[in-house]
Amino acid sequence: MQKVLVSGGAGYIGSHACKALYAAGFEPVTFDNLSTGWAAAVQFGPLEKGDLLDRDRLDEVFAKHQPIAAMHFAALSQVGDSMKNPGGYWRENVLGALNLIEATVAAGCKQFVFSSTCATYGDQDGVVLDENTSQHPINAYGASKLAIEQILANFGATFGLRHVIFRYFNVAGADPDCQVGEYHIPETHLIPLILQAVDGQRPALTVFGTDYDTADGTCIRDYVHVSDLVDAHVLGLNWLLDGKENRQFNLGTGTGFSVKDVISAAKLATNKDVPMTYGDRRPGDATALVSGSERAISELGWKPTKSNMGQMIGDAWRWHQNGGYPEEANAKANEE
Ligand code: UDP
């Protein structure tokens, strides 16, 4: 089996990617420091515990497994947090990625798939964002990811490192088989927070800002099912293995949902009320982020089939009711 090194394979999106890679006939080797990920999420290949800031450890893992490609998910990924702690985002995201990219090149591995974000586009007032839209991030998270895109362009030109960059819109849902799912402590993302409010694990969801320039005053985002998103990664890997050009692809659906739209959809999907309050805007939030995703569909042959709001919330709800990963397994693995 050809191996793929998956940084962040113990995290939300990385664990789903490992499942998709395994199903496609690859062996995913997870490289993760378990700072926010879960050993219990690593079910489809080996776990190599390590930190991206530890270059020696990276070299060791590349030498041991000789992967044909690296897929890079590990990152700090919260917009609000990045406005409070920009240094952490530059250090862990940019230096971490630089180490991984350099280790990939040093190991003679030629393929790199990178998780970037729509936050690299910034706030562009009503524009549907396609891959040719200029990038002007308005938060440290987006800025750190854009810097990594630029590093990849440089390493592509100088060392021939071949890469596909995916700019994610808002990733949601969980594996329909409930083997892996979204499990953050603390949780900061909209849909899991709504579900926690629905079942009484928190008193209410706070809607961040009701005075945006949108129809109902709340922010608009484009949500994509995590299982669809990771399918695109397997297509991106095969794109590189087929010798195709370095390329950027948005991953979204082209449909925007306001925060209030998502709350209404959650009421329908769970058949329960969503306790909520209204609060201030969250610094760093763009008004609207909606993808033009034609390129992934026409060039990669991506076919998102699960990215409707009902299925995304329904799958997240079933995963939530399952209770996440078993606490004991997590505690034991995180201590090792
Ligand atoms: N949001 C909210 N209340 C929360 C968390 C998020 O109103 O407790 C809003 C947030 O302002 C944004 C949208 O929900 O407009 C999606 O936020 P999330 O953190 O899930 O993803 P992001 O867009 O930051 O990647």
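The values are calculated or read from the model by the stated rules, or taken from the named source; none is laboratory data. This one's a predicted model, so the numbers in the text were calculated from it and none came from an experiment. Heads up, the Cβs are rebuilt from the backbone with ideal geometry, glycines too, and the neighbour counts pull from every protein chain shown.
Determine if region 217-236 includes at least one residue that is within 13 Å of the ligand (Cβ to nearest atom) and surrounded by fewer than 19 Cβ atoms within 10 Å (Cβ to Cβ).
Yes, there is a match, as at least one residue in region 217-236 is within 13 Å of the ligand (Cβ to nearest atom) and surrounded by fewer than 19 Cβ atoms within 10 Å (Cβ to Cβ).
Looking at region 131-144, which of its residues are closer than 14 Å to G88 by Cβ and not aliphatic (A, V, I, L, M)?
N139, Y141, S144
Would you check if R202 is part of a loop (DSSP other than H, G, I, E, B), touching a helix residue (DSSP H, G or I) at 6+ places or on another chain (Cβ under 9 Å), within 12 Å of the ligand (Cβ to nearest atom) and free of Cβ contacts under 8 Å to residues at least 12 places away in the same chain?
yes
Criterion first (in contact (Cβ under 8 Å) with a residue 40 or more places away in the chain, more than 11 Å from the ligand (Cβ to nearest atom) and in contact with a Phe, Trp or Tyr (Cβ under 9 Å, 6 or more places away or on another chain)) does V207 satisfy it?
In short, no.
Quick one: which of Q248, Q196 is within 16 Å of the ligand (Cβ to nearest atom), surrounded by fewer than 23 Cβ atoms within 10 Å (Cβ to Cβ) and in contact (Cβ under 8 Å) with a residue 12 or more places away in the chain?
Q196
Looking at region 280-291 only, could you name the residues that are touching a strand residue (DSSP E or B) at 6+ places or on another chain (Cβ under 6 Å) and either assigned to a strand (DSSP E or B) or more than 9 Å from the ligand (Cβ to nearest atom) (or both)?
A288, L289, S291 - these are the residues of region 280-291 that are touching a strand residue (DSSP E or B) at 6+ places or on another chain (Cβ under 6 Å) and either assigned to a strand (DSSP E or B) or more than 9 Å from the ligand (Cβ to nearest atom) (or both).
Of the numbered conditions (1) modelled with pLDDT of 95 or more; (2) within 22 Å of T305 (Cα to Cα), V128 satisfies every one except a single condition; which is it?
The failed condition is (1).
Only one of (1) at positive phi; (2) within 11 Å of the ligand (Cβ to nearest atom); (3) not basic (K, R) is not met by T277, so which one is it?
Just one mismatch for T277, condition (1).
Looking at region 44-81, which of its residues are within 16 Å of the ligand (Cβ to nearest atom), surrounded by fewer than 21 Cβ atoms within 10 Å (Cβ to Cβ) and part of a loop (DSSP other than H, G, I, E, B)?
Within region 44-81, L76, Q78 qualify.
Might you let me know whether region 153-165 holds any residue that is within 16 Å of the ligand (Cβ to nearest atom), out of contact with any Lys or Arg (no Cβ under 9 Å at 6 or more places or on another chain) and in a helix (DSSP H, G or I)?
No.
Mind checking whether some residue in region 171-183 is in a loop (DSSP other than H, G, I, E, B), within 15 Å of the ligand (Cβ to nearest atom) and at pLDDT below 95?
Yes, because at least one residue in region 171-183 is in a loop (DSSP other than H, G, I, E, B), within 15 Å of the ligand (Cβ to nearest atom) and at pLDDT below 95.
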